[in-house]
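Asks: Input: one structure, supplied below.
The values are calculated or read from the model by the stated rules, or taken from the named source; none is laboratory data. What you see is a predicted model; the values in this text were computed from it and never measured. Counting neighbours? That spans all protein chains shown, and the Cβs are built from the backbone with ideal geometry, glycine included.
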Amino acid sequence: MCGRYSIYESMDDYLRQLALDLVVINGYDHERINRYNVAPSTRVELIRSVPGGLSVDRVKWGWSPFWAKGKRPDPINARAETVMTGKFFKSLWPNGRALAPANGWFEWIPDPADPKRKQPYYIQAADQAPLFFAALAEVHASIEPDERDGLASLAQIVADGRDDEATRILCAVAARLHAPRSTPRPAQVPLEQWFDALWSAAATYGGVLEHSAKAARALFAAPQDAAVLHGDIHHGNVLDFGPAGWLAIDPKGLYGERGFDFANILCNPDDASAQAPGRFPRRIAIISQAAGIERHRLLQWVLAWAGLSATWMIEDGAEPGGRLALARLAASALDGSARGSD
């Protein structure tokens, strides 16, 4: 399963499709859910077997065990081949098993005429019947449904052709997070520690990952503008809280150069959007101006981050093509800048 899906019928419809002779022991909303582009880090609906019947819960999409917090973004998928034997999901197996109802999901397929471009396809059952993804979840009954669900979506703003607006919103949120504070800084994970995986991957795989590692080492050798970082700023982690405005969720507790927080914007909300013709240079220009970061340094951070993200995807058995493509775009732009200054 990829990183976007839809769930738009009422929970009653999904329960009826399961045809289980079990009672739902907790309350749930009977209205249509109407979510057509569910993004990671938002809360999603699950159906679990519990003593006495079934429970319908809403949990954040993305999970890590306590010992992995802060090391990388929380994974949103688990591999069937290792979920029962690996230590990462050990605390969730088997008691955390659940079903995630859906109506379909999105896959991005390379365009045969231009492999650098990807076309999103919506996949659903031939008879349009509901689907159910196998899921693992950690549920805390005391956590109330989150008010952020169902509000405006930056991914939808991009889909509506307003990418510039979404990019500026992300920059404004990051700027507020980076603002100096009078309160003592809590313990944070040094940003450079996150890049440990990239050094070995660059040596193993070479190619553009070597360029990513070189860019990262150059940045860490001469750090600038250190701040408390969010660590995972993207369209699914900045949500509309109504009167409170756009706010970031799911921070990673990092400390390092603020330019890092802007790099992931270039990779999101999905490969097709990130690699749309002309989008990369336009986003670079907007972020550079809005964040006050020199273009060359911003490109270095994009190259470094895209390589690190690709490394994590390789480790998790995921397809890193989109991240590698962004890394190559950044490397090419840096190369062009160097030639232009000669």
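Asks: Anything in region 112-124 that is in contact with a strand residue (DSSP E or B) (Cβ under 6 Å, 6 or more places away or on another chain) and either in a strand (DSSP E or B) or of a type in the set (Gly, Ala, Ser) (or both)? List them, or say none.
Replies: Arg117, Lys118, Gln119, Pro120, Tyr121, Tyr122, Ile123
Asks: Oh, and also: Only one residue in Ala327, Ala331, Ala310 is in the same structural domain as Ala213 (by TED's automatic domain parsing) and in contact with a His (Cβ under 6 Å, 6 or more places away or on another chain). Which one? Spell out the reasoning first.
Replies: Values: Ala327 fails: in contact with a His (Cβ under 6 Å, 6 or more places away or on another chain); Ala310 fails: in contact with a His (Cβ under 6 Å, 6 or more places away or on another chain).
Ala331 is the lone residue from the list that is in the same structural domain as Ala213 (by TED's automatic domain parsing) and in contact with a His (Cβ under 6 Å, 6 or more places away or on another chain).
Asks: Could you tell me which residue of region 243-284 is surrounded by the fewest Cβ atoms within 10 Å (Cβ to Cβ), considering only residues that are of a type in the set (Gly, Ala, Ser) and part of a loop (DSSP other than H, G, I, E, B)? Working first, answer last.
Replies: Going residue by residue through region 243-284, those that are of a type in the set (Gly, Ala, Ser) are 244-245, 248, 253, 256, 259, 263, 272-274, 276, 278.
Checking the rest, the ones that are also part of a loop (DSSP other than H, G, I, E, B) come to 245, 253, 259, 276, 278.
Values: Gly245: 11, Gly253: 14, Gly259: 28, Ala276: 15, Gly278: 7.
Within region 243-284, the match that is surrounded by the fewest Cβ atoms within 10 Å (Cβ to Cβ) is Gly278.
Asks: Can you spot a residue in region 164-181 that is over 27 Å from Ala290 (Cβ atoms) and out of contact with any Lys or Arg (no Cβ under 7 Å at 6 or more places or on another chain)? Walk me through how you get there before you give the answer.
Replies: So the first thing to find is which residues in region 164-181 are over 27 Å from Ala290 (Cβ atoms), and the list is none.
No, every residue in region 164-181 fails to be over 27 Å from Ala290 (Cβ atoms) and out of contact with any Lys or Arg (no Cβ under 7 Å at 6 or more places or on another chain).
Asks: Which residue is nearest to Pro130 (Cα to Cα), if the candidates are limited to region 21-52 and must be among the polar types (S, T, N, Q) and not in a strand (DSSP E or B)?
Replies: Checking each candidate, the answer is Asn34.
Asks: Could you check region 80-108 and list, in sequence order, the residues that are at pLDDT 80 or above and in a strand (DSSP E or B)?
Replies: Hits for region 80-108 are Arg97, Ala98, Leu99, Ala100, Pro101, Ala102, Gly104, Trp105, Phe106, Glu107.
Asks: From (1) closer than 17 Å to Leu324 by Cβ; (2) of a type in the set (Ser, Thr, Tyr); (3) within 23 Å of the chain's Cα centre (by Cα), pick out the condition that doesn't hold for Tyr255.
Replies: (1)
Asks: Also, quick follow-up: So how many residues does region 21-42 have that are at pLDDT below 85 and under 21 Å from the mean Cα position of the chain (by Cα)?
Replies: 6
Asks: Name the residues in region 1-27 that are aromatic (Phe, Trp, Tyr) and buried (at least 17 other Cβ atoms within 10 Å of the Cβ), would you?
Replies: Correct list: Tyr5, Tyr14.
Asks: Do you know which residues across region 319-342 are in contact with a Lys or Arg (Cβ under 9 Å, 6 or more places away or on another chain), surrounded by 15 or more Cβ atoms within 10 Å (Cβ to Cβ) and at pLDDT below 95?
Replies: Gly321, Gly322, listed by residue number.
Asks: Next question, about the same structure. Which of the residues belonging to region 287-304 are in a helix (DSSP H, G or I) and in contact with a Ser or Thr (Cβ under 8 Å, 6 or more places away or on another chain)?
Replies: Ile287, Ala290, Arg295, His296, Leu298, Leu299, Leu303, Ala304
Asks: How many residues are surrounded by 16 or more Cβ atoms within 10 Å (Cβ to Cβ), within 14 Å of Arg258 (Cβ to Cβ) and not hydrophobic (A, V, I, L, M, F, W, C) when one looks only at region 206-231?
Replies: Qualifying residue count, region 206-231: 2.
Asks: Let me ask you something else. Looking only at region 296-304, decide whether some residue is aliphatic (A, V, I, L, M), over 30 Å from Glu107 (Cβ atoms), at pLDDT 95 or above and crowded, with 22+ Cβ neighbours inside 10 Å.
Replies: Yes, region 296-304 contains a residue that is aliphatic (A, V, I, L, M), over 30 Å from Glu107 (Cβ atoms), at pLDDT 95 or above and crowded, with 22+ Cβ neighbours inside 10 Å.
Asks: Another question, if that's okay. Mind counting the residues in region 5-20 that are part of a loop (DSSP other than H, G, I, E, B) and either in the same structural domain as Glu319 (by TED's automatic domain parsing) or at pLDDT 85 or above (or both)?
Replies: 2
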